[in-house]
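The values are calculated or read from the model by the stated rules, or taken from the named source; none is laboratory data. Owing to the predicted nature of the structure, the values given are computational and were not obtained by experimental measurement. We place every Cβ from the backbone using ideal geometry, glycine too, and count neighbours over all the protein chains shown.
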Amino acid sequence: RTALAPREVVARRKGKARRGRGKARSEGLLSKQKRSRRMKANDRERNRMHHLNSALDALRSVLPTFPDDAKLTKIETLRFAHNYIWALTQSLRLA
């Protein structure tokens, strides 16, 4: 071990020794960065849900349903698609 300067000893005891590089960030800057990260994460999640909903709409459009039926929920769409694929597979096996 190397000898530590008195300031480093106090910093280590208090658990406040800085790690990494650069200066400590101000609270305002950290708050801005957190807000920016949260907004980016929200945008990614919103885009993910838009893509998922678009895919489910495309799946609904190819499933055989009656026009007067209400829009299927997400889970109903997935279950219906699973059962429809299973039924088509069975009909091919019998043919």
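Some observations on this one:
- Set side by side, the residues LYS32, LYS40 differ, and just one is modelled with pLDDT of 85 or more, of a type in the set (D, E, K, R), surrounded by fewer than 11 Cβ atoms within 10 Å (Cβ to Cβ) and in a helix (DSSP H, G or I), which is LYS40.
- Count of residues meeting criterion [modelled with pLDDT under 95 and either at positive phi or among the polar types (S, T, N, Q) (or both)] in the stretch 46-64: 1
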